[in-house]
Every structure is written in structure tokens, then in C-alpha cells.
1. Pull out all pairs, ordered by first then second residue, where Cβ-Cβ is under 8 Å, the residues are six or more apart or on different chains, the first lies in region 58-87 and is charged (D, E, K, R), and the second is assigned to a loop (DSSP other than H, G, I, E, B).
2. Suppose the filter is modelled with pLDDT of 90 or more, closer than 19 Å to Ile108 by Cα and outside any helix (DSSP H, G or I); does Asn17 pass it?
3. May I ask you to verify whether Lys35 is out of contact with any Phe, Trp or Tyr (no Cβ under 9 Å at 6 or more places or on another chain), of a type in the set (D, E, K, R) and either under 24 Å from Arg165 (Cβ atoms) or in a loop (DSSP other than H, G, I, E, B) (or both)?
4. Read through the list (1) surrounded by fewer than 20 Cβ atoms within 10 Å (Cβ to Cβ); (2) more than 15 Å from the chain's Cα centre (by Cα); (3) among the hydrophobic types (A, V, I, L, M, F, W, C); (4) part of a helix (DSSP H, G or I), then give the number of the only condition that Leu127 fails.
Amino acid sequence: MKKREKRSQPALLMHFNLKTHQGQRMCQWMDYRLKNLLFMLEVVYSENHDLQDLSVKAIEQITQELEALDHSLQNFLDEVPPPAKRGSSVTYNKPKDFTVQCTTPQAITYVNILKNYDLLIQKCDLLWLTGQWSRKESREPVHEWTKTLSRGIGHCSELFSPLRRQYIQYQKLNHSGDESEQAESGVSS
């Protein structure tokens, strides 16, 4: 296969609905930040002999980070009190359907995080609307989890950055080596 040739990329399609605007924004941000990062680590960098071990280690660390975030968020959701008024529900005026192309197994974990984050916002809104929490109390967990998720995704990016720099350097060296070989073969013909 030539370097510039597009390769076939399998993807597991995950369909889900996010009701809150904050959940929808987080989905777009996380998908943008993580999808290509995970694919590069899992497929592209792992095929590079020089980066293979570092790639595997980064994938393990990112997987642990995502699983820890998912587990912590799920535990927090379990601790949020149920609404005092049984049968109460909240509705949103612009729910949105999403389809995320999971190009690596780790992407499924971040889809779970997104769904749980959206559910957290819904629970907090319901507790505020039923008068169990003040507006400030209902926003605190949302702000805290937004920061927690942002830090977690930032940490994943930090694990990716050194490999990206090494891969770019490797590509530059290979590209300049290819040009030298072409120039030499052009001179000798």
C-alpha cells in the first residue's frame, strides 16, 4: 500500500440521543478530541515498529483513564437522590440524535461517559425543577463533572502528544530518505 493511499477503516456505529445542550456540546468536543487520537494509537502508530510499545502503553493508560472516568461518573449518578415526586420527568426542547463511529474499542467507553454526563444534567435539572435543590446546588455537579471530564480528556491528549511528535519526526526522516533514494536513482539512470 502506498503511503498516501486511504485505507479502509471499520467503525462500530453507536446511535444515542442526548437531551441536554451541555451533553451535546460535550459529545462534539469529546468525539473531536478522542476519535482520531484513539485510531492513530490503535492502528497507525501500532503498525510502526519504533512506536509500537509506546503506543500500546499509551492505549492502556488512556483506557484506564476513560474507564475510571466512566466508573466515577456512574457512582456519582447512583448517589444523586431520586426526585421526591414520583413519576416526575423533565423534557428538553432540542434533544439530538448522535451517531458516533467507534473506530476503536476504547471509543465505546467514551460514548458511555457522554450518555451518563447527559443523564447527570437531566437529574440535576429535575431536582432543581422539583424544588429539592436550589439552582446553585443543581449546577455545582454539572460544573464539577465538566471540569473533571475536560481534565481527563486533556490527560489522554498529553499521553498521545509525545507519540505524535515522534511519528511526525519518523515520517520526515522517511520522506527525506525516500527523496534521497529517488534522487540517487535518477542520477544513476
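The values are calculated or read from the model by the stated rules, or taken from the named source; none is laboratory data. The model shown is predicted, which means the values in this text are computed figures rather than measured ones. Counting neighbours? That spans all protein chains shown, and the Cβs are built from the backbone with ideal geometry, glycine included. Just so you know, the surface numbers come from the protein's heavy atoms only, side chains and all, with ligands and any DNA or RNA stripped out. Shrake-Rupley method; radii C 1.70, N 1.55, O 1.52, S 1.80 Å.
1. So the pair list comes out as Lys85/Thr130.
2. Yes; evaluated as a whole, the condition is true for this residue.
3. Here the answer is no, as Lys35 does not meet what is asked.
4. Leu127 satisfies all of (1) surrounded by fewer than 20 Cβ atoms within 10 Å (Cβ to Cβ); (2) more than 15 Å from the chain's Cα centre (by Cα); (3) among the hydrophobic types (A, V, I, L, M, F, W, C); (4) part of a helix (DSSP H, G or I) except (1).
Per-residue answers, yes or no, for (1) open to solvent by less than 60 Å² (accessible area, probe 1.4 Å); (2) of a type in the set (S, T, N, Q); (3) in contact with an Asp or Glu (Cβ under 8 Å, 6 or more places away or on another chain); (4) under 20 Å from Glu42 (Cβ atoms):
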{"position": "Gln61", "(1), (2), (3), (4)": "no, yes, no, yes"}
{"position": "Ala68", "(1), (2), (3), (4)": "yes, no, no, yes"}
{"position": "Val80", "(1), (2), (3), (4)": "yes, no, no, no"}
{"position": "Lys85", "(1), (2), (3), (4)": "no, no, no, no"}
{"position": "Tyr92", "(1), (2), (3), (4)": "yes, no, no, no"}
{"position": "Thr104", "(1), (2), (3), (4)": "yes, yes, yes, yes"}
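Conditions (1) farther than 30 Å from Ala11 by Cβ; (2) within 26 Å of the chain's Cα centre (by Cα); (3) part of a helix (DSSP H, G or I); (4) at pLDDT below 95, marked per residue:
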residue: Pro83; (1), (2), (3), (4): yes, no, no, yes
residue: Thr104; (1), (2), (3), (4): no, yes, no, yes
residue: Ile108; (1), (2), (3), (4): no, yes, yes, yes
residue: Lys136; (1), (2), (3), (4): yes, no, yes, no
residue: Arg139; (1), (2), (3), (4): yes, yes, yes, no
residue: His143; (1), (2), (3), (4): yes, yes, yes, no
residue: Phe160; (1), (2), (3), (4): no, yes, yes, yes
residue: Leu163; (1), (2), (3), (4): no, yes, yes, yes
residue: Glu181; (1), (2), (3), (4): yes, no, yes, yes
